[in-house]
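Structure record follows, encoded as structure tokens.
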Amino acid sequence: MTLACDFAYAAEGARFGLPEVGLGIMPGLGGTQLLTRAVGPRRAVEILTSGRPFSAAEALEWGVVNGVVPAEGLVDKVLEVAAMIASRAPLSVKGLKRVVHEGQDLDLARGMDLELSIYYELFKTHDRREGVASFNEKRTPNFEGR
């Protein structure tokens, strides 16, 4: 499930794994592809073919998670990051996720074209005007998603 998230945090002591090889099957629902994109092909093959679990620290080192925090602070950390993202312009967040997810499968030139097209879409929005005005007026923006 962690691999399907845009980003993730783990509690110290958490363990991860894709043990399907020990059952005579392999991960489905994108497990092989998402892991490979997160950790690279060499590490993915090792993780997938060994089926061995790995620690939160290894998950952080390998790019599976964005951070590791004490278990008692995990919910607070996730809510802190969620609140920060929720305070941003929703159309920008949506556009950024689109550019990252779609762009990773494109060559650089087409990825740059995608980025530029989304940039131009955002440039025409009310939220962009509100963001610039709030910056100039030194106040918190009130984004509306339009």
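The values are calculated or read from the model by the stated rules, or taken from the named source; none is laboratory data. This one's a predicted model, so the numbers in the text were calculated from it and none came from an experiment. Positions of Cβ are generated from backbone atoms using ideal geometry, with glycine treated the same way; all protein chains shown enter the neighbour counts.
Of the candidates 36, 49, the single residue that is among the polar types (S, T, N, Q), without any contact (Cβ under 8 Å) to a residue 60 or more places away in the chain and closer than 20 Å to residue 105 by Cβ is 36.
Residues of region 1-31 that are assigned to a helix (DSSP H, G or I) and either surrounded by 17 or more Cβ atoms within 10 Å (Cβ to Cβ) or of a type in the set (D, E, K, R) (or both): 3, 20, 31. Right, residue 130: free of Cβ contacts under 8 Å to residues at least 60 places away in the same chain, in contact with a Pro (Cβ under 9 Å, 6 or more places away or on another chain) and not in a helix (DSSP H, G or I) or not? Considered against the rule, which asks whether it is free of Cβ contacts under 8 Å to residues at least 60 places away in the same chain, in contact with a Pro (Cβ under 9 Å, 6 or more places away or on another chain) and not in a helix (DSSP H, G or I), residue 130 comes out as no.
The single condition among (1) within 15 Å of the chain's Cα centre (by Cα); (2) at pLDDT 95 or above that residue 1 does not satisfy is (2).
Scanning region 64-113 for residues that are polar (S, T, N, Q) and not in a loop (DSSP other than H, G, I, E, B) yields a single hit, 92. It is to be established whether one or more residues within region 45-54 are among the charged types (D, E, K, R), surrounded by 17 or more Cβ atoms within 10 Å (Cβ to Cβ) and outside any strand (DSSP E or B). No, every residue in region 45-54 fails to be among the charged types (D, E, K, R), surrounded by 17 or more Cβ atoms within 10 Å (Cβ to Cβ) and outside any strand (DSSP E or B).
Between a residue in region 100-119 that is closer than 21 Å to residue 89 by Cα and any residue that is loosely packed, with under 12 Cβ neighbours inside 10 Å, which pairs come within a Cβ distance under 9 Å, given they are 6 or more apart or on different chains? Every condition considered, the pairs that remain are 100/6; 101/6. Is it true that residue 88 is without any contact (Cβ under 8 Å) to a residue 12 or more places away in the chain and either of a type in the set (Lys, Arg) or over 30 Å from residue 146 (Cα atoms) (or both)? No.
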